[in-house]
Amino acid sequence: MDLVQGILGFLVPIVGFSALLVIWPAVTFRSVALRMFNALFSENMQGKVVLITGASSGIGEQIAYQYARKGAVLVLISRREDKLRRVADKCIKKGAMDVRAIRADVSKEEDCRRFVEDTVDHYGRLDHLVNNAGVLQGFKFEEAEDSHVLTTIWAITFWGLIYPTLYALEHLKRSKGRIVVVSSVTSWFPQPRMSIYNAAKAAAFNFFETVRIELGGSIGGITIVTPAFVESEMLMGKIVNKRGAVEWQEDLRDTQLGPAPVAYAEECAKAIVRGAVRRHRYVRYPYWTTVMLLYRIFTPEVLDFLLWLLFLRPMPGRKDGAPLSKVLTEIPGVKTIFYPPSIRNIPPKQQQSKAA
Ligand SMILES: NC(=O)c1ccc[n+]([C@@H]2O[C@H](COP(=O)([O-])OP(=O)(O)OC[C@H]3O[C@@H](n4cnc5c(N)ncnc54)[C@H](OP(=O)(O)O)[C@@H]3O)[C@@H](O)[C@H]2O)c1
């Protein structure tokens, strides 16, 4: 067996790499041609039924508006009903054919079964399922008070994408519908203080890659989205702390973001919905973050060092132990240049929602 492994260890890299040199240009040519075709003949969403989780704020809210503009019928899911109703009203004004707002918690399997069944009972079909809901972690693994904190984040950020898919699948098969999955650039970019969140995003990414192969052509396809630095409540500082409570923490937000250029949620949602109706496998937004993937593959040590230097190492002379990322945001004008106005300051206490 050692001999077989030895021979394979020698041959497979040579054969594999040589084959790639031939296959890669051919596949690239095919995918460019396919992209052009799909851009010309994108899916018409008029009257189609779209279910969006996490639609009460941020990216999910803007995704709802983009589908509304295309005349879709929308089912919006989140835990804050008042916010959801406001989004629903705006969707109608923007052109949605009809909107239903359903209060549900995606970490609860029963809630997910209920909102999928409610959708199909009411509209008779389901065409797009957008798995978007999520919560952000803001503490190091060693700081977690107990495992419950970790399982709570995991339940929303991983199972919250799987349960709706489980119950929606037979309906999506019937309509040849599409699944849109909002993962994250952190599925391969190991940003500190987000270990369980990053793991859940990576797990979801791989889950849907596998399901895509299993399902083949029995549904319309799966679009996996990996956003980074997009304006939303998370990036305003709504973060799950080490005790499992949601807290609005501007200082921690600044530490986690540093001088990262934060994109507008509307632009991100446009890219997501455009990618979905054009049947793309992936939407990377903003696209430039993909360059960092090369560092992850070829020089992970360099990436580790840069992340430690920027986000963890206390700056010399700082009594509060703030790392470089936080110190950079304190330079006058930095936030004005890099952050959209909506996230520059956290909302006053009375406007902060505690939904965890
Ligand atoms: N913003 C970014 O830079 C960025 C980057 C990468 C990935 N993402 C991903 O993008 C997705 C959207 O987040 P966002 O950035 O737009 O943040 P956001 O403004 O905080 O939105 C999160 C949404 O998820 C909902 N949600 C949270 N927990 C839920 C639960 N248990 N059940 C149902 N709904 C729940 C929230 O509504 P309620 O609180 O009302 O329930 C809200 O509508 C998330 O999956 C996030 O991980 C964001």
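Which value results when the Cα radius of gyration for the stretch 1-103 is divided by 2.2 N^0.38 Å?
It is 1.84.
Under the classification rounded if a/c is under 1.5, otherwise prolate if a/b is larger than b/c and oblate if not, where does the chain fall, given a ≥ b ≥ c as square roots of the Cα gyration tensor eigenvalues? Provide the component values of the computation, followed by the final result.
Working: a/c = 1.60, a/b = 1.03, b/c = 1.54.
In terms of gyration-tensor shape, oblate.
In whole Å, how far is the Cα centre of the stretch 207-243 from that of the stretch 57-114?
Cα centres, the stretch 207-243 to the stretch 57-114: 17 Å.
Packing-wise, with mean Cβ within 10 Å as the measure, how do 174-187, 90-103 rank, highest first?
174-187, 90-103
What is the dipole size for the stretch 3-102, taken about its Cα centre, with +1 at each Lys and Arg Cβ and -1 at each Asp and Glu Cβ, in debye to the nearest 20?
Result for the stretch 3-102 is approximately 420 debye, rounded to the nearest 20.
Near the amide H of R100, under 5 Å away, which other amide H atoms are found, from residues 5 or more places off or on another chain, if H is placed in the peptide plane?
Answer set, sorted by chain and number: L74, V75, L76.
Name the residue, out of M315, M236, M45, whose mean-square fluctuation peaks in a Gaussian network model built on the chain with Cα pairs under 10 Å.
M315
Order these peptides, 227-234, 144-151, by their mean beta-carbon neighbour count within 10 angstrom, highest first. Before the final figure, lay out the partial values.
Values: 227-234: 22.9, 144-151: 14.2.
Final packing ranking: 227-234, 144-151.
Let's see if you can work this out: charge +1 on each Lys and Arg Cβ, -1 on each Asp and Glu Cβ, no other charges. What is the dipole magnitude of the stretch 41-350 about its Cα centre, in debye to the nearest 20? All intermediate terms of the calculation are to be shown ahead of the outcome.
Numbers: 43 positive and 33 negative charges, 180 e Å.
Dipole about the Cα centre, nearest 20: 860 debye.
For V27 and N206 in the same chain, what is the full-extension length gain: residue separation times 0.36 nm, less their Cα-Cα distance, in nm?
62.3 nm
Once you place label points 7 Å from the Cα toward the Cβ at R313 and F17, how far apart are they in nm?
That separation, rounded to one decimal, is 3.3 nm.
If each residue of separation counts as 0.36 nm, what is the full-extension length gain between R80 and H122 once their alpha-carbon separation is subtracted?
Stretched out fully, the R80 to H122 stretch lengthens by 13.0 nm.
222 nm [θ] for the chain, helices only, -39500 (n - 2.57) per DSSP H run of 4+, per residue, to 500? Mind dumping the intermediate values first?
Details: 14 runs with 181 residues, N = 356.
Helix-only estimate at 222 nm: -16000 deg cm²/dmol.
Return the long-range amide H neighbours of V283 (sequence gap of 5 or more, or a different chain), with a cut-off of under 5 Å between placed amide H atoms.
Placed amide hydrogens put I224, V225, T226 under 5 Å from V283.
How far apart, in nanometres, would the label points at E301 and I213 be if each is projected 7 angstrom from Cα along the Cα-to-Cβ direction?
Label-label distance for E301 and I213, simple model: 3.2 nm.
Order of 240-246, 114-120 by packing, highest average Cβ count within 10 Å first?
Output ranking for 240-246, 114-120: 114-120, 240-246.
Once you've got the Cα coordinates, tell me which of K83/K326; K93/K173; K140/K326; K108/K335 are over 26 Å apart. Please report the intermediate quantities before stating the final value.
On the way: K83/K326 31 Å; K93/K173 31 Å; K140/K326 16 Å; K108/K335 37 Å.
Listed pairs above 26 Å: K83/K326; K93/K173; K108/K335.
Taking θ as phi - 60°, what are the ³J(HN,Hα) couplings along the stretch 41-53 by the Karplus curve (6.51, -1.76, 1.60), each to the nearest whole Hz, with x for Gly and Pro?
Using θ = phi - 60°, the values come out as 10, 6, 5, 7, 8, 4, x, 7, 9, 10, 10, 10, 8 Hz.
For each of K201, K140, K349, count neighbouring Cβ atoms within 10 Å of the residue's Cβ, then give the residues from fewest to most.
K349, K140, K201
Just so you know, all these numbers are worked out from the coordinates, no wet-lab data involved. Remember, it's a predicted structure, so these values are computed and weren't measured experimentally. Note that we place each Cβ from the backbone using ideal geometry, even for glycine, and neighbour counts take in every protein chain shown.
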